[in-house]
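Trainee: Okay, handing you the structure first.
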Amino acid sequence: MMRNVAESALATAGGHAVPTDVVGVAHDLASVLGERAPKFDEGDRFVADNYALLKQAGLVQAGVPLELGGGGAGLRELSEMLRIMAQSCGSTALAFAMHTHQVAIPAWRWRYQNVAAVEPLLKRVATERIILLSSGGSDWIGGSGKAEKVEGGYRITARKVFTSGAAAGDILMTGAIACAEDGTEKVIHFGVPMRAPEVSVMDNWHTLGMRGTGSNDVVIDGLFVPDASVAFSRAPGHWHPVFQIIATIAFPLIYAVYLGVAESARDIAVEITRKKQAGETTLTLAGRMDTALRAAQMAHRSMIETAERNTPSAESVNEVMIGRSLVARHGLEVVELAMELAGGASFYRDKGLERRFRDMQAARFHPLQAGPQARYTGAMALGLPVDTIF
């Protein structure tokens, strides 16, 4: 039975319970998330009901510092929370990871860089439980969208892809490319209110896996962004110190989800196989599967340890992205071996294994993808510049 989350709350923010044991809360929610997962997957439905549950449980503000009214959870706790959620519902965990990392990044900047400018946003997350969005497919190092300079600010036109949880979001943390009169370009970064009339959410997330994340495109058509709302600007196509922070902190959280998916695939396969007589082939497959899983777990642990050094840099990006590639590679190996180990039973939807197999495929597509990651790491090894490798 689910515990009363308020029992583990340190305090209340805006009248809402703020749990201190986010890992325990994730365990409490796991059975409900698992029961709901098939219907979201089969119907290409966003996990809206689960978002309501996460809000009620106080997980939206889990990563906000205690001093600002949040749960004060650190990167390791948040990663564990997402890993456990992913074992039950990969879509819920992945979509929520996008909000979670958008909270963890300003929280880190507030704590370790004394950046006071992020306080209002973090306090809103704590008190209003707003959901933050990101567009992993459009807002990486290269930037995307057009920011036309007008009096007092910019007029934004853009289409932001892979915006997970778009239907539930309150603010999209995004950017656009502005071109000066001399032809030079810069990417400006700002928040987009999702309820603005110039913002619309497409219905185009019909995919192989992670079907419940609701990662639809967001279209921005002529939104005015005041100069005062621009958080920072940078050169497009070049690593900026803020993006070193983003890469170092966000990806241990995102790939905790894929680790959880792989772990649950392994457990399902073992449960199915234990009911059969184990021969030499079965033992070999099970051993290879668990070896691959251990490699993924060790790689993810390294990602967390790198981030916990609190020194984002080109070097920390390299270490985290090596871990990201290893979690993806070995996680994909785990789900493939799990399907083979379980045999024909794995092909039936009611076992839940084929959904994990499909969900795991999305691990291929987050940056740095395999090719850029190898080039970045190769350049680091040879002492060459990495500023434009992404």
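Trainee: I need the helices of the chain that pass two filters: whole DSSP H segments spanning 15 Å or more by Cα along the axis, and mean Kyte-Doolittle score no lower than 0.5.
Mentor: Details: long enough: 22-42 (29 Å, 0.18); 75-88 (20 Å, 0.03); 90-112 (31 Å, 0.00); 241-273 (48 Å, 1.24); 280-307 (41 Å, -0.11); 314-342 (42 Å, 0.56); 370-381 (16 Å, -0.28).
What comes out of the filter, once short or polar helices are dropped, is 241-273, 314-342.
Trainee: On to the next question. State whether segment 12-102 is rounded, prolate or oblate according to the following rule on the C-alpha gyration tensor (a ≥ b ≥ c being the square roots of its eigenvalues): a/c under 1.5 gives rounded; otherwise a/b larger than b/c gives prolate, and the remaining case gives oblate.
Mentor: Numbers: a/c = 2.03, a/b = 1.79, b/c = 1.13.
It is prolate, given that a/c is not under 1.5 and a/b is the larger ratio.
Trainee: Sticking with this one: For segment 45-97, divide the Cα radius of gyration by the Kirkwood radius and give the resulting Rg/Rh value with two decimals.
Mentor: 0.99
Trainee: Let me ask something else. Whole-Hz ³J(HN,Hα) for each residue in segment 172-179, computed from phi via Karplus 6.51 cos²θ - 1.76 cosθ + 1.60 with θ = phi - 60°, x for glycine and proline: what do you get?
Mentor: Each residue's phi maps through the Karplus curve to give 9, 7, 9, x, 7, 8, 9, 10 Hz.
Trainee: When the dipole is taken about the Cα centre of the chain, and only Lys, Arg (+1) and Asp, Glu (-1) are charged at their Cβ, what size is it in debye, to the nearest 20?
Mentor: 480
Trainee: Sticking with this structure for a sec: Return the long-range amide H neighbours of residue 232 (sequence gap of 5 or more, or a different chain), with a cut-off of under 5 Å between placed amide H atoms.
Mentor: 189
Trainee: Then there is this: Tell me the trypsin sites (Lys or Arg not before Pro) within segment 149-238 that lie in a loop according to DSSP and have at most 14 other beta-carbon atoms within 10 Å.
Mentor: 195
Trainee: Counting Lys and Arg as +1 and Asp and Glu as -1, each charge on the Cβ, what is the dipole of segment 200-295 about the Cα centre in debye, to the nearest 20?
Mentor: Roughly 500 debye, rounded to the nearest 20.
Trainee: When the chain is modelled as a GNM with alpha-carbon springs shorter than 10 Å, which of 170, 350, 290 fluctuates the most?
Mentor: Checking each option, the largest mean-square fluctuation is seen for 350.
Trainee: Can you list the aspartates and glutamates whose alpha carbon is less than 14 Å from that of residue 160, not counting same-chain residues fewer than 8 positions off?
Mentor: 139, 198, 203, 217, 221
Trainee: For Cα pairs less than 8 Å apart in space and 6+ apart in sequence, what is the mean separation divided by the residue count of the chain, i.e. the relative contact order in percent?
Mentor: Relative contact order of the chain: 15 percent.
Trainee: To continue, here is another question. When the helix-only estimate is applied to the chain (DSSP H runs of n ≥ 4, each -39,500 (n - 2.57), divided by the residue count), what is the mean residue ellipticity at 222 nm, nearest 500 deg cm²/dmol?
Mentor: Values: 10 runs with 188 residues, N = 390.
It lands at -16500 deg cm²/dmol.
Trainee: Per Stokes-Einstein, at 37 °C and 0.692 mPa s, what whole-number D in µm² s⁻¹ belongs to segment 96-146, with the Kirkwood radius over Cα pairs as the hydrodynamic radius?
Mentor: This corresponds to a translational diffusion coefficient of 272 µm²/s.
Trainee: Normalized C-alpha radius of gyration of the chain, against 2.2 N^0.38 Å? Walk me through the intermediate numbers first.
Mentor: Details: Rg = 20.9 Å, N = 390, 2.2 N^0.38 = 21.2 Å.
Normalised by 2.2 N^0.38 Å, the Cα Rg of the chain equals 0.99.
Trainee: What does the highest-first list of 311-324, 267-280 look like by mean Cβ count within 10 Å?
Mentor: 311-324, 267-280
Trainee: Quick one: which residues, 5+ away or cross-chain, put their amide H under 5 Å from the amide H of residue 194? H built at 1.01 Å from N.
Mentor: Those lying under 5 Å, H to H, from residue 194 are 171, 172.
Trainee: If you place +1 on the Cβ of every Lys and Arg, -1 on the Cβ of every Asp and Glu, and leave all else neutral, what size is the dipole of segment 161-217 about its Cα centre, to the nearest 20 Debye? It would help to have the intermediate numbers written out before the result.
Mentor: Numbers: 3 positive and 7 negative charges, 64 e Å.
Charge dipole, segment 161-217, about its Cα centre: 300 debye, nearest 20.
Trainee: Still on this model: When the chain is fully extended, how far beyond the present Cα-Cα distance does residue 151 get from residue 242, taking 0.36 nm per residue of separation?
Mentor: 30.0 nm
Trainee: For the chain, which whole-number percentage of the solvent-accessible area (1.4 Å probe, protein heavy atoms only) is attributable to carbon and sulfur atoms?
Mentor: On the way: 8730 of 16570 Å².
Carbon and sulfur atoms account for 53 percent of the accessible area of the chain.
Trainee: Separate question: Anyone know which of 339, 360, 380 comes out most mobile in the 10 Å Cα GNM of the chain?
Mentor: Maximum fluctuation in the GNM of the chain, among the listed residues, is at 380.
Trainee: With every protein chain left in place, what is the accessible area per residue of the chain in square angstrom, probe 1.4 Å?
Mentor: 42
Trainee: Identify, among 224, 246, 194, the residue whose Cα sits farthest towards the positive end of the charge dipole of segment 129-263, taking +1 on the Cβ of Lys and Arg and -1 on the Cβ of Asp and Glu, with the dipole about the Cα centre.
Mentor: Final value for the positive-end residue is 246.
Trainee: Among 69, 352, 117, pick out the residue whose Cα is farthest towards the positive end of the charge dipole of the chain, where Lys and Arg carry +1 and Asp and Glu carry -1 on C-beta, about the Cα centre.
Mentor: 352
Trainee: How much FRET efficiency would the formula 1/(1 + (r/R0)^6) give for residue 128 and residue 267, where r is the Cβ-Cβ distance and R0 is 45 Å, rounded to 0.05?
Mentor: 0.75
Trainee: Projecting each Cα onto the charge dipole of the chain (Lys/Arg +1, Asp/Glu -1 at the beta carbon, about the Cα centre), which of 264, 98, 206 comes out farthest on the positive side?
Mentor: Final value for the positive-end residue is 264.
The values are calculated or read from the model by the stated rules, or taken from the named source; none is laboratory data. Remember, it's a predicted structure, so these values are computed and weren't measured experimentally. Here Cβ is always computed from backbone atoms with ideal geometry, including for glycine, and neighbour counts include all displayed protein chains. These area figures cover heavy atoms from the full protein model, side chains too; ligands, DNA and RNA do not enter into them. Shrake-Rupley method; radii C 1.70, N 1.55, O 1.52, S 1.80 Å.
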